[in-house]
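Chemist: The structure's right below; bear with me while I get my questions together.
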Amino acid sequence: MDLAQVSILLPILLQVLLIDLVLAGDNAVVIGLAVNGLPKAQRRRAILAGIAGA
């Protein structure tokens, strides 16, 4: 892989990583809002189910 290919692929990789981080944060906010009103015993199970579903 030469420098020209790296200079093309690196910004694309960084964009994908940034989008992935933003969507992961969004998932955490949505899960937090969804489990906010649940009792503590159910909240943990709901968080784990939300993480597994995301």
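FYI, it's all coordinate maths here, none of it is from the lab. Small disclaimer: the values here were computed from a predicted structure and weren't measured. A quick note on method: Cβ atoms are made from the backbone with ideal geometry, for glycine too, and the neighbour counts reach across all protein chains shown.
Chemist: What residues have an amide H closer than 5 Å to that of Leu38, excluding those fewer than 5 places away on the same chain, when H is modeled at 1.01 Å from N in the peptide plane?
Modeler: HN-HN under 5 Å from Leu38: empty list.
Chemist: While we're looking at this one, here's another question. Taking Cα atoms, how many degrees apart are the long axis of helix 40-53 and the longest axis of the chain, rounded to 10 and kept between 0 and 90?
Modeler: Result, in degrees: 30.
Chemist: Let's test the formula: R0 of 35 Å, r as the Cβ-Cβ distance of Arg45 and Leu10. What FRET efficiency results, to the nearest 0.05? Walk me through the numbers before you get to the answer.
Modeler: Details: r = 41 Å, r/R0 = 1.17.
Working from the Cβ atoms, E equals 0.30.
Chemist: Using only alpha carbon positions, build the gyration tensor of the chain, then give the equivalent ellipsoid semi-axes as the square roots of 5 times its eigenvalues, largest first, whole angstrom.
Modeler: The answer is 38, 9, 5 Å, longest axis first.
Chemist: May I pose another question? Tilt of helix 3-35 relative to the longest C-alpha principal axis of the chain, in degrees (0 to 90, nearest 10)?
Modeler: The answer is roughly 10 degrees.
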